[in-house]
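Reading through the structure tokens given below for one structure.
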Amino acid sequence: MSAHVLVLGGTGEARALAAALDSRPGTRVTTSLAGRVGRPRALPGEVRVGGFGGVPGLAAWLREHQVRAVLDATHPFAAAITGNAARAAALTGVPLVVLRRPGWRPGPGDRWHPVPSLDAAADLLPRLGRRVFLTTGRLGLAAFAHLTELHFLVRSVEAPEPPVPPHTHTLTARGPFTPGEETALLRDHRIDVLVTKDSGGEATAAKLTAARELGLPVVVVRRPPLPRGVTAVPDVAAALDRLRTVLPEG
Ligand code: NAP
């Protein structure tokens, strides 16, 4: 019988893991998506969509589908599902591997302002600029909705839902973007401050290069911590290596 691996997805790394596992003899892979994006791209292997119903729901799913290992490759800011995965894995005894790409590091010339939350970013913004490029995702815009004096350029994969700031221009686009494209965008929209989560990774890092080139301040929202006792691996290769240690025959 093939070993069933559940990949908690929604990232490029999860897609790469699904592809690697789908082509591995003796392994069956299911990717789980939250269902936030209306039309996700096709994925190798099986796909299920929607929440599990908290820790009990996830634990029940693992048992019912005879999952041999869980690979959490969700976004570094998806803290609830990572916490649930840790607890459900502990409850069921199913091994858990957590992939968390490293955060970004400021380099020479960067003007970064680290903050602990979207609310803290909103508090700081009026002191840094008037025309904001906001790349924190369409679900976090409510934190900025009271900033009626500022102009926002918002970029997300799908159109945001209210509440949003009154002066908002929306771009729906999916990365990756090049530094040249990002510099042109910042110039065209006369942006004077950028807000980003510390997502890490290459796919969305070009905006940071562009901000550095233009000398713009960047408000960087720090990551939520990993659940207590959980250690993460930094990339797809390390996740597959760790998985081999829990699925030796895979
Ligand atoms: P979250 O706050 O950690 O999770 C909220 C709830 O959504 C979870 O309790 C779970 O519901 C459900 N959920 C989340 N990820 C799931 C998954 N992969 N499969 C099944 N259910 C899932 O998550 P989030 O920050 O809203 O992110 C949702 C998804 O978008 C994740 O898959 C993440 O990888 C992806 N994503 C997030 C961001 C970001 O900035 N947060 C950016 C890019 C992609 P139940 O408790 O009912 O199981």
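The values are calculated or read from the model by the stated rules, or taken from the named source; none is laboratory data. Just so it is clear, the structure is predicted and the values come from calculations on it, not from any experiment. Here the Cβ positions follow ideal geometry from the backbone for every residue, glycine too, while neighbour counts run over all protein chains shown. Accessible surface areas use protein heavy atoms only, side chains included; no ligands, DNA or RNA. Shrake-Rupley method; radii C 1.70, N 1.55, O 1.52, S 1.80 Å.
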task = Go over the candidates L194, L124, L139 one by one and state the one that is buried (at least 21 other Cβ atoms within 10 Å of the Cβ) and not in a loop (DSSP other than H, G, I, E, B).
result = L194
note = Scanning segment 22-39 residue by residue, those of a type outside the set (S, T, Y) and surrounded by 11 or more Cβ atoms within 10 Å (Cβ to Cβ) turn out to be D22, R24, R28, V29, L33, A34, G35, R36, V37
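I need the full set of residues from segment 56-75 which are within 10 Å of the ligand (Cβ to nearest atom) and more than 21 Å from the chain's Cα centre (by Cα), in order please.
Answer for segment 56-75, where residues must be within 10 Å of the ligand (Cβ to nearest atom) and more than 21 Å from the chain's Cα centre (by Cα): P56, G57, W61.
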task = Determine whether segment 106-116 contains at least one residue that is open to solvent by 60 Å² or more (accessible area, probe 1.4 Å), within 16 Å of the ligand (Cβ to nearest atom) and either assigned by TED's automatic domain parsing to the domain that holds G200 or touching a residue at least 60 places away in the same chain (Cβ under 8 Å) (or both).
result = yes
query = Do we find that L8 is over 20 Å from the mean Cα position of the chain (by Cα), closer than 16 Å to V97 by Cβ and crowded, with 19+ Cβ neighbours inside 10 Å in this structure?
reply = no
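Go over the candidates R36, R41 one by one and state the one that is under 17 Å from the mean Cα position of the chain (by Cα), closer than 21 Å to A79 by Cβ and not β-branched (V, I, T).
On the way: R41 fails: closer than 21 Å to A79 by Cβ.
Criteria check complete, one pass: R36.
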request  = From (1) part of a loop (DSSP other than H, G, I, E, B); (2) in contact with a strand residue (DSSP E or B) (Cβ under 6 Å, 6 or more places away or on another chain), pick out the condition that doesn't hold for T204.
outcome  = (2)
ask   = Within segment 76-93, can one find any residue that is farther than 18 Å from V7 by Cβ, more than 14 Å from the ligand (Cβ to nearest atom) and either of a type in the set (K, R) or outside the structural domain of G10 (by TED's automatic domain parsing) (or both)?
value = no
query = Has segment 45-66 got at least one residue that is among the basic types (K, R) and farther than 26 Å from S2 by Cα?
reply = no
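If you scan segment 151-191, which residues turn out to be of a type outside the set (S, T, N, Q), part of a loop (DSSP other than H, G, I, E, B) and over 17 Å from the mean Cα position of the chain (by Cα)? Can you show your working first?
Filtering segment 151-191 down to residues of a type outside the set (S, T, N, Q) leaves 151-155, 157-167, 169, 171, 173-177, 179-182, 184-191.
Narrowing further to those that are part of a loop (DSSP other than H, G, I, E, B): 157-167, 173-177, 189-191.
Once the filter is applied, which keeps residues that are of a type outside the set (S, T, N, Q), part of a loop (DSSP other than H, G, I, E, B) and over 17 Å from the mean Cα position of the chain (by Cα), segment 151-191 yields A159, E161, P162, P163, V164, P165, P166, H167, H189, R190, I191.
Would you point out which residue out of A79, A69 is hydrophobic (A, V, I, L, M, F, W, C), touching a Pro at 6+ places or on another chain (Cβ under 7 Å) and open to solvent by 40 Å² or more (accessible area, probe 1.4 Å)? Outline the logic, then answer.
Details: A69 fails: open to solvent by 40 Å² or more (accessible area, probe 1.4 Å).
Only one candidate passes the filter, namely A79.
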